[in-house]
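Report on the following structure.
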Amino acid sequence: MGNTCCFLCGCIDQASVGVVERWGRFERLAPPGFHFFNCLAGQCLAGVLSTRIHSLDVRIETKTKDNVFVQLVCSIQYRIVKQNADDAFYELANPREQIQAYVFDVVRAIVPRMALDELFEQKGEVAIAVLEELEKVMGAYGYCIEHILMVDIIPDDTVRRAMNEINAAQRLQLASVYKGEAEKVLQVKRAEADAEAKYLGGVGVARQRQAITDGLRENILEFSHKVAGTSAKEVMDLIMITQYFDTIKDLGNSSKNTTVFIPHGPGHVRDIGDQIRNGLMEASCAQIDEQ
């Protein structure tokens with residue numbers, strides 16, 4: 001691999017090691033560089049081994065403790081030890097198949113003792129067990145196992161769909177709980193806001209009515225003092241008639257209102273005035289009683 005040789009010389013590339021034989025028997029290891037070989041003495045370059053790290057992906061199908069068939073993808077990174085390259089050259093005809101066989105043996109001995117969830121959680125332990133077994137076996141043949149990675153765990157398609165549905169159902173249930181809590185908070189806040197709005201509206205109406213009452217009282221007193229010979233009742237009737245016509249004018253000028261039917265006549269104006277006077281008198285009596 002990556003070597004150039006002739007009858008008398010050969011070149012060995014960097015990250016490689018050559019195996020030199022004499023009369024078909026191993027003699028020595030040749031480091032990278034240019035080498036002379038005595039062909040008349042039976043010396044020759046039997047082969048060249050790469051000392052680079054190689055990667056082997058192994059796909060294993062097995063069954064878990066809860067009877068779920070899974071496929072495991074295991075990546076083994078290995079290399080040849082330079083000092084023991086002769087063992088790697090002469091002992092194993094196909095090291096990749098040897099490594100693959102041991103990986104199958106170890107994985108199929110460990111995984112059936114684990115449930116599917118445990119396998120996902122403890123896949124590193126499976127990789128460590130495979131590494132220990134391969135180091136013990138392949139070290140005798142001149143190979144060093146650098147790393148073992150459990151790349152993927154692939155359950156059966158039906159199992160994966162079932163797991164996804166279970167996860168989706170759990171998340172939907174949790175989302176429903178959060179949604180219910182949010183709606184509860186929203187309804188509480190809406191009720192609190194409605195109660196606060198009604199309270200403030202009531203305060204505003206009370207203040208408005210108090211202001212109207214105070215204004216009417218001041219207008220009646222001022223008009224009575226300035227115009228001689230007028231009574232409070234006459235002034236109140238005049239103010240009521242004025243406000244009555246102002247209200248009808250506002251209803252007519254408003255573009256948002258449709259047809260409005262209201263009773264109209266001097267008698268209704270008198271009734272409104274009587275109601276307001278009665279209210280003022282009751283308020284005055286209440287103030288006197290409090291005093």
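Every read-out reported here was derived from the displayed coordinates using simple, explicitly stated rules and does not represent laboratory data. Treat the numbers as computed from the prediction; the structure is a model and nothing was measured. Heads up, the Cβs are rebuilt from the backbone with ideal geometry, glycines too, and the neighbour counts pull from every protein chain shown.
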Tell me yes or no: at least one residue of the stretch 91-109 is exposed (fewer than 14 other Cβ atoms within 10 Å of the Cβ), in contact (Cβ under 8 Å) with a residue 24 or more places away in the chain and closer than 30 Å to residue 45 by Cα. yes
Looking at residue 48, is it surrounded by 13 or more Cβ atoms within 10 Å (Cβ to Cβ) and more than 25 Å from residue 142 (Cα to Cα)? no
Please find, within the stretch 139-163, the residue that is surrounded by the fewest Cβ atoms within 10 Å (Cβ to Cβ) out of those that are touching a Phe, Trp or Tyr at 6+ places or on another chain (Cβ under 7 Å) and not in a loop (DSSP other than H, G, I, E, B). 146
